[in-house]
Amino acid sequence: YASDVTLRISDVPVFYYPWTLQFPIGDQRVSGILPPSLSNSSDGGIDLAVPYYFNLAPHYDATLTPRIISERGPMLSGEFRYLADWSMNTVNLTLLPKDRTFDPARANQAGSDTAPVEKRWFAGFEHEGQIGTNWRTYVDFNAVSDTDYFRDLGSRELNIESRTHLNKEGVLSWQTNSWQADARVQRIEVLDPYVASIDVNKPFDRLPELRLSNQFITDSGLQYGLDSSHVRFDRSLNRNLLSTDQISRGALVTGTRLTAEPWVSLPLRRPGYFIVPTARYRYANWQLDQQAFATPDNPDRSVGVFSLDSGLVFERPVRFSDQSMTQTLEPRLYYLYSERKAQQDLPNFDTAQLNFNFNQLFRHDRFSGPDRIGDANQISAAVTTRFIAEDGVERARLSAGQIFYLEDRTVSLDSPLQNWLVLQPMDTDRSALILEAAYRPFQRFQMTADLQWDQENSNIDEGSMAIQFNMDDERIVNLAYRYRERTDIFLQAPPLLDPVIQQTDISAVWPLNDNWRLFGRWNYDHSNSRNLETFAGVEYSNCCATMRLVARDWVNEYEFFEQNTRQNRGIFFQLTLLGLGDLTGGGLSNLLTRGIPGFKEYDVND
């Protein structure tokens, strides 16, 4: 216990508490005031939060946080945690009864800096449970008063402000060695203002989704199983915001989808080679309401899929720079045949086209959901070579692969409601050539790179490179470049926003001496000439305290697609008393860990 406490750094008083302060000197929990948080911003002014922890019982506790935002008013947050015999539960509630920045006359104006509503709140509930050996439960429920809540009131942690969706989900699952069953209900609330402004982009609710799958292996090695699901898709759209044409093309469609996919496989794996033939029968049936005009309300689809995966593994000893290594050569061939069925009259509830990469060379479908099954008659050829040191560490890897199409593809994401841009050409004889490389000659240096080269048009579709120098776990330099020409941003970006991704990301941490170090990050969008995130700072640390000062310029994630992006700027200060916690700016630790790969806090014991 301590009374009438004044805390000084050198001779400067930084904290005063006039009453009795109780704190633990061991590992036990104790009720009392936690380190307060103090910040300042142009939107909210001075922001002070003082959390109080209640040690109620060994299996449950609570934290109550009064918060004062000078421009907005008083706010109260609470967190309650309860540990039961079979579950962990957390409840979060936050209320700002009256936001003083709210102006009803300007609340609906585009670009207005007023709060969208006067009363602002957040509610969240998380639950993970296990009943017996086979049953598990999961709940993730979140709700907010308005789409700007996290931008205006969640920025104290510096990384929560970019939250663009809220998940509302409950799952009950059952699992044994051979069987798995799930029951799920899910609704996703869109907070991104650009996506939310297009009503037909609203995700469908799953009310509910039932899944059942099994897998069996015989003594002879034969594998077989069944993957099945039944989902009720629903969503509520404002009919007044839809055109007659959109309604006639199925904007209001809802319904159920039943899928059943029996499969059988006979893998043969031996030292030096493998052969894996697999056959699938993919069936789906829809029961639709308010479907597109002149389309069936009870369509079904059945597609047979066959694949044959095969590969060889060769090894030989080699020496590089007086190091003994093992080099492998791993050629691989993958044949895929999937029947062609017309699917453009089917709605698209939850299906997307997968990003083309090296792993997709060996997938049995180019789509992620059952609403579409890609037609295919193709052969994927790839080769990988690795250099493995005597200690088992992979020092280098180089892979190359390509798909050779025996027939043109016809199935796309086109539906009665949407005519989607085809992200990959469907009438070419071969896919882009994919190259991947990784190089790690020693522990402190690593490089990764990938490239997709369109040979027919002599064009780079996509590529990236990342290099990290980690001299001594303290001196770190990261260099990265990313280019992507074909992207799903084409489907939703405003006309004046260049959707081609061309970004550089440079970050570093560099100690000046035992107490001082510099750090920074520069993530730049070259296609649209804007800083996505830039920050630079300085840190002083000794045995007792760490102080950081950071200047930051950034674009919120939900504003990436806006034509006139607003740059956010701020200066942040963090003071951490080692062993006591953060007095101000605790969110800086999250910002630095997320923005600078390899960043670590100083070890107090060093």
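The residues of the stretch 4-19 that are at pLDDT 80 or above and over 15 Å from Leu575 (Cα atoms), listed by number, are Asp4, Val5, Thr6, Asp11, Pro18, Trp19.
In the stretch 34-90, the residue that is farthest from the chain's Cα centre (by Cα) out of those that are closer than 25 Å to Ser589 by Cβ, of a type in the set (Gly, Ala, Ser) and open to solvent by less than 50 Å² (accessible area, probe 1.4 Å) is Gly45.
Residues that are under 23 Å from Arg187 (Cβ atoms) and open to solvent by 50 Å² or more (accessible area, probe 1.4 Å) within the stretch 248-289 comprise Leu258, Gln287, Asp289, listed in sequence order. Selection of first residues in the stretch 374-389 that are in contact (Cβ under 8 Å) with a residue 12 or more places away in the chain and over 13 Å from Leu406 (Cα atoms) and of second residues that are open to solvent by 30 Å² or more (accessible area, probe 1.4 Å) and not in a strand (DSSP E or B), restricted to Cβ pairs under 6 Å at least 6 apart or on distinct chains, gives the following pairs, ordered by first then second residue: Gly374/Arg366. When the residues of the stretch 532-546 are filtered to those that are part of a strand (DSSP E or B), open to solvent by 20 Å² or more (accessible area, probe 1.4 Å) and out of contact with any Asp or Glu (no Cβ under 7 Å at 6 or more places or on another chain), the one that is farthest from Gln502 (Cα to Cα) is Tyr540.
Run down Arg386, Arg409 and say which single residue is crowded, with 17+ Cβ neighbours inside 10 Å, part of a loop (DSSP other than H, G, I, E, B) and of a type in the set (D, E, K, R). Only one candidate passes the filter, namely Arg409. Residues considered: Leu191, Leu172, Leu237. Of these, the only one that is among the aliphatic types (A, V, I, L, M), under 30 Å from Asp146 (Cα atoms) and open to solvent by 70 Å² or more (accessible area, probe 1.4 Å) is Leu172.
Here's the yes/no breakdown for (1) in a strand (DSSP E or B); (2) among the small types (Gly, Ala, Ser); (3) open to solvent by 10 Å² or more (accessible area, probe 1.4 Å):
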| position | (1), (2), (3) |
| --- | --- |
| Asn348 | no, no, yes |
| Thr351 | no, no, yes |
| Asn355 | no, no, yes |
| Asn359 | no, no, yes |
| His364 | no, no, yes |
| Gly369 | no, yes, no |
| Arg372 | no, no, no |
| Ala381 | yes, yes, yes |
| Gly392 | no, yes, yes |
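Of all positions in the stretch 325-332, at least one carries a residue that is open to solvent by 40 Å² or more (accessible area, probe 1.4 Å), touching a residue at least 60 places away in the same chain (Cβ under 8 Å), part of a strand (DSSP E or B) and farther than 29 Å from Tyr224 by Cβ. Are any residues in the stretch 220-244 modelled with pLDDT under 95 and closer than 19 Å to Ile275 by Cβ, and if so, which ones? Selection gives Ser220, Gly221.
Within the stretch 505-531, the set of residues being open to solvent by less than 30 Å² (accessible area, probe 1.4 Å) and modelled with pLDDT of 90 or more comprises Ser507, Val509, Pro511, Arg517, Phe519, Gly520, Asn523, Asp525.
Does Ala382 satisfy the criteria of being modelled with pLDDT of 95 or more and under 30 Å from Ser321 (Cβ atoms)? For Ala382, the condition - modelled with pLDDT of 95 or more and under 30 Å from Ser321 (Cβ atoms) - is met.
Looking at the stretch 412-469, which of the residues that are in a loop (DSSP other than H, G, I, E, B) and aliphatic (A, V, I, L, M) is most open to solvent (accessible area, probe 1.4 Å)? The qualifying residue most open to solvent (accessible area, probe 1.4 Å) is Leu421. The residue that is modelled with the lowest pLDDT, among those in the stretch 103-136 that are under 21 Å from Gly154 (Cβ atoms) and either among the basic types (Lys, Arg) or open to solvent by 50 Å² or more (accessible area, probe 1.4 Å) (or both), is Gly111.
The values are calculated or read from the model by the stated rules, or taken from the named source; none is laboratory data. Since the structure is predicted, the reported quantities are computational estimates derived from the model, not experimental observations. Note that we place each Cβ from the backbone using ideal geometry, even for glycine, and neighbour counts take in every protein chain shown. Accessible surface areas use protein heavy atoms only, side chains included; no ligands, DNA or RNA. Shrake-Rupley method; radii C 1.70, N 1.55, O 1.52, S 1.80 Å.
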